[in-house]
Amino acid sequence: MQYFANAVISGAFIFIVSVGFFLVLRVNRFLNFTHGLFVALAGYLVLLFTARAGIPMWGAVSLALFLTGLAGYGLERVLHAPLRGKGASSLEHLVASIGMFEAGQNLIAIAFGDQTSSFRSAAVQEGWIVAGARITPVQAASVAVAAAVFVSVWLVMRHTRVGLRWEAVSSDLFLAKAQGIDAERVQREVMVTSAVIASIGGILIGSDGPRKWDWHP
């Protein structure tokens, strides 16, 4: 049963990280390797704010979510929007995202080092026994958050105007533009949403225990 619980917990982490990656692939139509950078960035931001700036955890998490979303917005405006304006292909967007990922990863290594890091400050807990498996509060929260992310994304995509615009752009970009949908705005929204969801995954991973923070999507 412990092996099953470990698989569910690991799957929750992977799912949270992969949702945003899938959104960009579906709507913006390219493999966004910079997504892995958002995961690491959020973890290191929380580490910076809590361990070095002394900001409470709730404040550090809020700031990390906001700043990672802002990084996603900046990436879209500075890199991908100009590429689309020049008629770049999905492959060119992919190559650009790989270059940005490598640059960002090296900048993080310069700023924080390559050592394994964790911002978990509380004492190690024995965990709860659930159906014969031992689960920590952070791991249980991660599974709950994964479920919440799934439900939230599904509700947005199926039952909101925002989701309908996203679906329209993902289905047929030219037809969506012909219907008056601002495709550039949609792609910015998706990139920011993707970055914020990735940051949630990074924060939960850092809370669960020491990590190397070398995430490739």
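A short reminder: the numbers here are calculations on the coordinates, not readings from a lab. Remember, it's a predicted structure, so these values are computed and weren't measured experimentally.
Okay, here's what the table says:
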| quantity | calculated |
| --- | --- |
| Calculated from backbone phi, Karplus (6.51, -1.76, 1.60) coupling profile of region 144-156 in Hz, x at Gly/Pro | 5, 5, 4, 5, 5, 5, 4, 5, 5, 5, 5, 5, 5 |
| At q = 0.12, 0.13, 0.16, 0.21 Å⁻¹, base-10 log of I(q)/I(0) for region 28-170 (Debye sum, equal scatterers on each alpha carbon) | -0.71, -0.82, -1.12, -1.34 |
| Pairwise Cα inverse-distance average, inverted: Kirkwood Rh of region 47-113 (Å) | 13.9 |
| Distance from region 33-54 to region 13-28 (C-alpha centre basis), Å | 19 |
| Highest-fluctuation residue, GLY201, GLY87, GLY99 considered, GNM on the chain with Cα pairs under 10 Å | GLY87 |
| Tilt relative to the chain, helix 90-112 - C-alpha long axis, 0 to 90 degrees, to 10 | 30 |
| Of LEU173, LEU94, LEU47, the one that fluctuates the most in a GNM where the chain has Cα springs shorter than 10 Å | LEU173 |
| Gained length - PHE150 relative to ARG29, 0.36 nm times residue gap less alpha-carbon distance | 41.5 nm |
| Overall Cα dimensions of region 31-79, principal axis frame, Å, largest first | 35, 16, 14 |
